[in-house]
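Please treat every number below as a calculation from the coordinates, not as lab data. Since the structure is predicted, the reported quantities are computational estimates derived from the model, not experimental observations. Glycine also receives a Cβ, built like all others from the backbone with ideal geometry; neighbour counts cover every protein chain displayed.
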Amino acid sequence: MGENWEKGDKGEVTRRIVDMKKSEMDPRAKAIAILFVLLAVGVAVGLIISKISLDFAHGHAKIKVPQRVWQAFADVYTLGTIIICMNLFLLLGLLGSYIDSFRKTKSSFLLGLVLFLGVLFVQSLLSLPVFHVLVGQPSFQLRLINILPNFFETAALIILFYLSME
């Protein structure tokens with residue numbers, strides 16, 4: 001390539017640059033990579049939030065709770081927090097994508113999707129178990145059956161995210 005450049009064959013260099021741009025990450029692979037990053041960040045943030053809030057709650061508890069009961073509560077609380085945080089990060093990814101598309105197209109349909117996802121984001125924020133404790137609702141019913149709708153929301157958001165990135 002160096003010899004061609006010196007001889008004045010700039011076309012070869014241009015072709016190589018175009019080939020490099022064409023060989024950028026496949027859109028499907030890019031969507032999957034972004035999806036996994038969003039889910040991983042959601043898991044990490046969910047673990048951090050649940051760990052901090054559970055440590056605080058356990059240290060400030062006014063009644064003594066048997067260890068088995070506390071551990072069962074902590075496990076379900078952590079799982080619920082992780083699932084909801086994954087939803088929040090998926091929603092942020094979708095919102096970013098749709099806001100970017102809306103800026104380019106000014107489509108009323110995309111505006112509706114942005115508003116819809118914004119409402120879902122607020123709903124997910126209000127579903128966080130730590131939020132219920134913060135607003136004085138410590139008797140929040142945290143059972144596996146109550147986490148199931150959030151799990152299905154995660155599955156639906158993964159599907160929507162994947163289809164939106166194609």
Quiz prompt | Nitroxide proxy distance, nm - points 7 Å out along Cα→Cβ at residue 69 and residue 144 | solution = 2.0
Exercise. Would you calculate the separation in nanometres between label points at residue 100 and residue 123, each defined as 7 Å from the Cα along the Cα-to-beta-carbon direction?
Key: 2.5
Practice problem: Mind computing the radius of gyration and Dmax over the alpha-carbon atoms of region 25-164? Å is fine for both. | Solution: 17.4, 58
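Tally Lys and Arg at +1 and Asp and Glu at -1 over the other residues with C-beta under 12 Å from the C-beta of residue 166: what net charge comes out?
+1
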Quiz prompt | Sequence-separation-based contact order of region 25-164, relative, with Cα cut under 8 Å and 6+ spacing, percent | solution = 33
Quiz item: In what sequence do 132, 60 fall when counting other Cβ within 10 Å, fewest first?
Solution: 60, 132
